[in-house]
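Scroll down for the structure; my scribbles are underneath it.
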Amino acid sequence: MSETFAMKVLGRATGKKVSEGEIVFVEPDFVLTHDNSAAIIDKFESTVPGGKVRYPDRIAIVLDHVVPAATSRNAAGHRQVRKFVREQGISNFFDVGVGVCHQVMPEMGLVLPGSIVLGSDSHTCTYGAFNAFATGIDRTEAAGLWITGRTWLRVPATINIELTGAFAGGVSAKDLILTIIGDVGSGGANYKAVEFNGPAVGGLRMSDRMTMANMGIEMGAKIAAFPSNIRTGEYFRNLDIPITGAVWSDHDAIYERTMEYDLSDVVPVVAKPHKVDNVVPVADLKGIGIDQVFLGTCTNGRLEDLKAAADILRGHTIASGVRLIVGPASRNEFLKADRQGIIAELVSAGAVMLPPGCGPCLGAHQGVLAPGEKCLSTANRNFRGRMGEKDAEIYLASPETAAASALTGRITDPREVAK
Amino acid sequence: MTVFHYPQDDINTDLLFPGKYTYTCSTGPEIMEHLLEDLDPTFSGRVQPGDIIITGDNFGCGSSREQPSLGLRHAGIRAVIARSFARIFYRSAINQGLLLVTSPEAVEHYSEGDEVSVDPAAGEVTVGDRKFAFPPLPGEMLEILEDGGLLEHISKRFGRGEE
Ligand code: SF4
């Protein structure tokens, strides 16, 4: 009794009761890597020349970061990964065009409730949406995991976030998580687990949960997790996967801190450059001109996000002088949106469609900024230099705010634009 | 020995190593050229083996990219002393064999020109004329650091036929 989600998952993985602060050794259920697999392969091969990965079935590789390849060096990296997965018998390999890793992993049924997933990408915490214990590691550690199949984790203390109420119109999960990050601070949940609890959790769609869990790392969190409930059940039923391992904290679990949010109090917000916790109401920034709007990424590139934007853009054209770049999070989400006519609506309004993948999120290609330009993005990071140019500015907001701002060419409160 | 003093909090991975180079630079010498480029453009030209960095809270927050920790290790940084570290960076530093010291007191006490030294096994950092204790790493993680990083550690274990 009195155990948190983190204690229960790590306890089960180690076969004993664990306590906070303790270091435990675990064999994760999955290890995710992406384009950075090429660099990891180099490390793997120089450490164990001619060696085999320990558990090929527990490795997933998704090419998503710079796809299709922007340079011949990227292309050579991709080729090296394809060769490696063939040689090593790694079947969970998803080539260019399938989507962003954090969308693809759950879509392919590789993230199960109660499982442990480590990924050499900081937004691996997204899988907390599916009741997984999921967190980021570096490339070297991924190479180590390929070799040994095990690593250490410190059992984190937990921050409990209690959610009540329902969103008002024009407000969405992105506004909520940005508001929370603004309060907690970019390091406020460092080393900690974050649990989302309370009656409002049941009303959050899986896409909302993914948006929120995805940004756990932006407050420093090790994991950001949701309980498994009816919506989780539906998600896995659609994949034809029975849920067997779901766990959640006890009612008397001891939290380091509890914070409460009423969703009906949340307003549209923006994280200003160059820190994610620099959060202010959209209303405070009204009128700031923007050069580019980017709708997409593992944070907000799903069907629900594209639809929210299309609902605002339908029948209109974006302001002249603004570029609207849209990157669906995966091929599946792209197809679903296409079948509903959403892609045609976005393109008619003036959007440039990118292939499923990370797009300009990490500043490598497909919409990098010029010096001094301002971009309003639905991604999760606005660090200086993130989109390829250190003298450019990135404002983070919801798909609704992104669409409203594309219409006017200025940062705009979505509640103000007539549908 | 030079002490690089960056007193601000939340120095993120893009400041330590810009994201636009993540798929063009992965070796020590390649990373060195751009290390701290957007934070202190003079750093990579000045840094010498044995140098120390002193900084604020949440150092290394952001991406899981390892170029920052790998680059600092390659540059020969003896230790980064901070009020606190972001967690993926903390892990990554152990994996790269880069010594991190969490000591808000040492950071507080430091003033320009102080000599700084670190004894990881004893868990002790000296700033000017004062010594501060910091929690040493537990068992296997100290071994990883002592072996010079995770893969070096694994190589050794494989070498001894323990796996
Ligand atoms: S979309 Fe952006 S944040 Fe998400 S995995 Fe890709 S680069 Fe990282």
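Each value in this text was obtained by applying a stated rule to the coordinates, not by laboratory testing. Owing to the predicted nature of the structure, the values given are computational and were not obtained by experimental measurement. Cβ: placed from backbone, ideal geometry, glycine included. Neighbour counts: every protein chain shown.
Near A:Ala173, within a Cβ-to-Cβ distance under 12 Å, what is the net charge of the other residues, with Lys and Arg +1 and Asp and Glu -1? Around A:Ala173, the charge tally is -1. Residue separation of A:Lys16 and A:Glu87 scaled by 0.36 nm, minus their Cα-Cα distance, works out to 21.9 nm of gained length. With a cut-off of 13 Å between beta carbons, the residues surrounding A:Ile230 carry a summed charge of +3, where Lys and Arg count +1 and Asp and Glu -1. Take every DSSP beta bridge with both residues inside chain A and express the antiparallel ones as a percent of the total, to the nearest 5. If I count the DSSP bridges inside chain A, around 20 percent turn out antiparallel. Around the amide H of A:Ile394, modelled in the peptide plane, lie the amide H atoms of A:Cys375, all under 5 Å away and 5 or more residues distant in sequence or on another chain.
Looking at the range B:3-158, the pairs of alpha carbons with a distance over 25 Å make up 24% of the total. Principal axis extents of the Cα atoms in the range A:267-349, from largest to smallest and rounded to whole angstrom, are 37, 27, 21. Computed with the Debye formula from one identical point scatterer per Cα of the range B:43-99, without solvent, the log10 of I(q)/I(0) at q = 0.16, 0.17, 0.18, 0.29 Å⁻¹ comes to -0.43, -0.48, -0.54, -1.30. Note on B:11-17: average number of Cβ atoms from other chains within 10 Å of each residue's Cβ is 4. How high is the relative contact order of the range A:5-262? Use alpha-carbon pairs under 8 Å, at least six apart in sequence, and give a whole percent. Relative contact order, the range A:5-262: 24 percent. For the options A:Ser249, A:Ser377, A:Ser37, a Gaussian network treatment of chain A with springs between C-alpha atoms closer than 10 Å singles out A:Ser249 as fluctuating the most. Within the range A:271-414, antiparallel bridges make up roughly 15 percent of the DSSP beta bridges whose residues both belong there. How large is the direction-averaged shadow of the alpha-carbon convex hull of the range A:124-176, in nm²? Reported value for the Cα convex hull: 5.7 nm².
A viscosity of 1.002 mPa s and a temperature of 20 °C, combined with the Kirkwood radius over Cα pairs in Stokes-Einstein, give a translational diffusion coefficient for chain A of 100 µm²/s. If you take all other residues with their beta carbon under 12 Å from the beta carbon of A:Gly198, and give Lys and Arg +1 and Asp and Glu -1, the sum is -4. Counting Cβ atoms of other protein chains within 10 Å of each Cβ in A:131-140 and taking the mean gives 6. Rounded to whole Å, give me the distance from the Cα center of the range A:20-47 to that of the range B:93-163. When both Cα centres are located, 22 Å separates them. The Cα-based radius of gyration and maximum Cα-Cα distance (Dmax) for the range A:133-288 are 17.0, 54 Å. Largest first, the extents of the alpha carbon coordinates of the range A:271-414 on the three principal axes equal 38, 28, 25 Å. Each label point was placed 7 Å from the Cα along the Cα-to-Cβ direction; for B:His109 and A:Asp57 their separation is 5.5 nm. Only helices enter this figure: runs of n ≥ 4 DSSP H residues, each worth -39500 (n - 2.57), summed and divided by the residues of chain A, yield -9000 deg cm²/dmol at 222 nm to the nearest 500.
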